[in-house]
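The values are calculated or read from the model by the stated rules, or taken from the named source; none is laboratory data. The model shown is predicted, which means the values in this text are computed figures rather than measured ones. Note that we place each Cβ from the backbone using ideal geometry, even for glycine, and neighbour counts take in every protein chain shown. When the accessible area is computed, the model is the full protein with side chains, heavy atoms only, and any ligands, DNA or RNA have been set aside. Shrake-Rupley method; radii C 1.70, N 1.55, O 1.52, S 1.80 Å.
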Amino acid sequence: MVRHVNAGKTLPHNAVAITFDDGLGSNYHLGYPILKELGLPATIFLATGFVDGTHPLWFQEVDRALRARGASTAELFAKLGQLKRLPDAEMRAEVAKLTADCAAAHPEVTLPMRWDQAREMKASGLIEFGGHTHSHPILARCTVEQQAEEIRQCCDRITAELGAAPTLFAYPNGGPTDFTADTQRLLAEHGFEASFTMMPARLVSGLTTQALPRYGNPTSMLEAEATVSGAFELLKQWRGGAA
Ligand SMILES: [Zn+2]
């Protein structure tokens, strides 16, 4: 899809690319069998430290600690929102404090895939792997040196485990203020052909290659259909026209 768009070609009507972020084991156990059955290719963006087992996803850690204390979903979201605005080092210190005395087990659905599972999926020819940093920081909250290190480590680990450097990247959190011009420059320097945000829009030719749009995971079949069919886009245009 990226190569098509970069070449200035129009995508086929209702073309869809499927992506997953982080490297969850459920991508292998739940997603992969269905993708295989339907013959659908997908790209999985790996936070390599998460798959290595050395860097738990910080937002999962906050979830685990707060839920163990009986926090509500609203309280959890409020806390995550607050943490996401902090410089990375401050955020990590806060998370360490929150999780210090948490003995709750990691729920099964939060566990990473193993590298051998990633290799098996890659060998099928159906699944491609992209980068998503090493320790999943919000890159704009990091120093430029930290950003470079996160991108380098991610590339190195994927190259070592999967035999080729990644060419696609997805920004952690993926909002408009979650990456910088430095991030985009570093990614281009590391050979990334394109990077994806979480800013929802259709993929058309002429977009900035290191800030391509992407829709979040639908929470219902209706939402999935409205996204894929373009109904949401028509609604946006209609509202834009009416305003
Ligand atoms: Zn992520």
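Provide the packing ranking of 104-112, 215-223, 124-132, 188-196, i.e. peptides ordered by the mean count of other C-beta atoms within 10 Å per residue, highest first.
On the way: 104-112: 14.0, 215-223: 11.3, 124-132: 19.6, 188-196: 17.8.
Answer by packing, highest mean first, reads 124-132, 188-196, 104-112, 215-223.
Across region 122-139, rounded Karplus estimates of 3J(HN,Hα) from the backbone phi angles (6.51 cos²θ - 1.76 cosθ + 1.60, θ = phi - 60°) give 5, 5, 5, x, 8, 10, 10, 10, x, x, 8, 6, 9, 10, 6, x, 7, 4 Hz, Gly and Pro being marked x. Taking θ as phi - 60° and the Karplus parameters 6.51, -1.76 and 1.60, the scalar couplings of region 9-20 work out to 8, 7, 7, x, 4, 6, 5, 9, 10, 9, 9, 10 Hz in sequence order, x denoting glycine and proline.
For the ranges 7-17, 43-53, what's the packing order if you count other beta-carbon atoms within 10 Å of each residue, average per peptide, and put the highest first? Each step should come with its number before you reach the end.
On the way: 7-17: 10.5, 43-53: 23.1.
Sorting 7-17, 43-53 by mean packing, highest first, produces 43-53, 7-17.
In the chain, the calculated helix contribution to ellipticity at 222 nm averages -13500 deg cm²/dmol per residue, counting -39,500 (n - 2.57) for every DSSP H run with n ≥ 4. Amide H contacts of Glu128 (H built 1.01 Å from N, in plane; Pro and chain starts excluded): Ala42, Thr43, Ile44 sit under 5 Å, all sequence-distant by 5 or more or on other chains. Residue ranges 86-94, 230-238, 136-144 sort as 136-144, 86-94, 230-238 when ordered by packing (mean number of other C-beta atoms within 10 Å per residue, highest first).
With contacts taken as Cα pairs under 8 Å at a separation of at least 6 residues, the chain carries a relative contact order of 21 percent. In this structure, the amide hydrogen of Asp21, modeled 1.01 Å from its nitrogen in the peptide plane, lies closer than 5 angstrom to those of Phe45, counting only residues at least 5 positions away or on a different chain. Result for the chain in a Gaussian network model with C-alpha springs under 10 Å: among Leu66, Leu30, Leu187, the largest mean-square fluctuation is at Leu30. Using the Cα gyration tensor of the chain, with a ≥ b ≥ c the square roots of its eigenvalues, what is the shape: rounded (a/c below 1.5), prolate (a/b larger than b/c) or oblate (neither)? It comes out rounded by the Cα gyration axes. Which of rounded, prolate or oblate describes region 58-105 when judged by the alpha-carbon gyration tensor and an a/c cut-off of 1.5? Oblate. Computed from phi, the 3J(HN,Hα) profile of region 31-41 under the Karplus parametrisation 6.51, -1.76, 1.60 (θ = phi - 60°) reads x, 4, x, 6, 4, 5, 4, 8, x, 9, x Hz, with x in place of Gly and Pro.
Per residue, how much accessible surface does the chain expose to a 1.4 Å probe? Answer in Å², no decimals. Please list the in-between numbers first.
Values: 12720 Å² over 243 residues.
That works out to 52 Å² per residue.
Computed from Cα atoms, the angle from the helix 144-162 axis to the main principal axis of the chain rounds to 80 degrees. Between the helical axis of 58-68 and the dominant principal axis of the chain, each derived from Cα atoms, what acute angle in degrees is found, rounded to the nearest 10? Approximately 60 degrees, to the nearest ten.
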